Amino acid sequence: MSVTSERIEAGNVATATRPTRPRVSVVVPALNEARNLELVLPALPFVHEVILVDGGSVDGTVATARRLMPDIRVIRQRRHGKGNALAAGFAEVTGDVVVTFDANGSADPHEIPRFVAALVDGADFAKASRLRRRGSAWPAGITSRVLGKELSDLCYGYNAFWADLAPMLDLPDHELPAPRHGEMLWGDGFEIETVINCRFAAAEAVITEVPVTGVSNGQGVGAFHVARAGLRVLWTLLRERRRVPVTRAAVVS
């Protein structure tokens, strides 16, 4: 199934018969994650393909990935940023379902089948919602007001969606050269998680939240980082509001 720009702008997701046993493509953006990959890659379930998108690692990330998983596909991103890495990975997917999975050890790979099951059961987009996640309540309320959908945990990169819906995300061409003066294209940075949530919501996709436990990566999350993440979510929501169909925007204004 293809999603035309006309349908996307109208805020409608086309429907089609989906495979009950989809081929799963796991996209893993990574920058200097060699040590974490030692734990993450062996724990991944059997899938159609794993695509590692390297952001210029200097710690042996690529060599480690190839040693642990000889059939892994390695892509080197053209620009910088997690969003650009994901866009580059999406462009290489050959499976039916895309799973975005962070290399830092913050997600449990054993939960991937639950995301796939949510899609097979009828969702267009399955997003993780960490249980008892601090500071997740107020973004959910704001998304309900801005997008007409109550979504939580907008900064978490553990998600899944049907691969043929990738064009609806309308991310910057991953092969474009980087802007001058160190600037980044919108969607290339860490705003990408919230952008993906917003664009599926604005397109009126069927979204299912998948409760997950989350895994500590040993780095800890302080109040400052929570506040900064919250501000990033708020700024992204305000920028993405323009994509909400006019009729829905009038309701939530």
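Things to note:
- In the stretch 115-153, of all residues being of a type in the set (Lys, Arg) and under 17 Å from Glu240 (Cα atoms), the one that is modelled with the highest pLDDT corresponds to Lys149.
- In the set (1) touching a helix residue (DSSP H, G or I) at 6+ places or on another chain (Cβ under 8 Å); (2) surrounded by fewer than 17 Cβ atoms within 10 Å (Cβ to Cβ); (3) more than 21 Å from Glu193 (Cα to Cα); (4) modelled with pLDDT of 95 or more, the condition left unmet by Asn32 is number (3).
- Test for His80: is it of a type outside the set (A, V, I, L, M, F, W, C) and at pLDDT below 95: yes
- Note on the stretch 169-253: enclosed helices (runs of 4 or more DSSP H) holding 1 or more residues that are in contact with a helix residue (DSSP H, G or I) (Cβ under 9 Å, 6 or more places away or on another chain), charged (D, E, K, R) and at pLDDT 85 or above are 192-202, 223-240.
- Count - residues of the stretch 86-115 that are in a helix (DSSP H, G or I) and closer than 13 Å to Val50 by Cβ: 3
- The residue that is farthest from the chain's Cα centre (by Cα), among those in the stretch 88-128 that are closer than 14 Å to Ile196 by Cβ and open to solvent by 10 Å² or more (accessible area, probe 1.4 Å), is Asp124.
- For Ala87, the conditions (1) in contact with a Lys or Arg (Cβ under 7 Å, 6 or more places away or on another chain); (2) touching a residue at least 60 places away in the same chain (Cβ under 8 Å) all hold with the exception of (1).
- Residue match in the stretch 61-81 (condition: out of contact with any helix residue (DSSP H, G or I) (no Cβ under 6 Å at 6 or more places or on another chain) and of a type in the set (A, V, I, L, M, F, W, C)): yes
- Any hit, the stretch 57-77, residues being within 21 Å of the chain's Cα centre (by Cα), part of a loop (DSSP other than H, G, I, E, B) and surrounded by fewer than 17 Cβ atoms within 10 Å (Cβ to Cβ): no
The values are calculated or read from the model by the stated rules, or taken from the named source; none is laboratory data. Quick caveat: nothing in here was measured; it's all calculated off a predicted structure. Heads up, the Cβs are rebuilt from the backbone with ideal geometry, glycines too, and the neighbour counts pull from every protein chain shown. Accessible surface areas use protein heavy atoms only, side chains included; no ligands, DNA or RNA. Shrake-Rupley method; radii C 1.70, N 1.55, O 1.52, S 1.80 Å.
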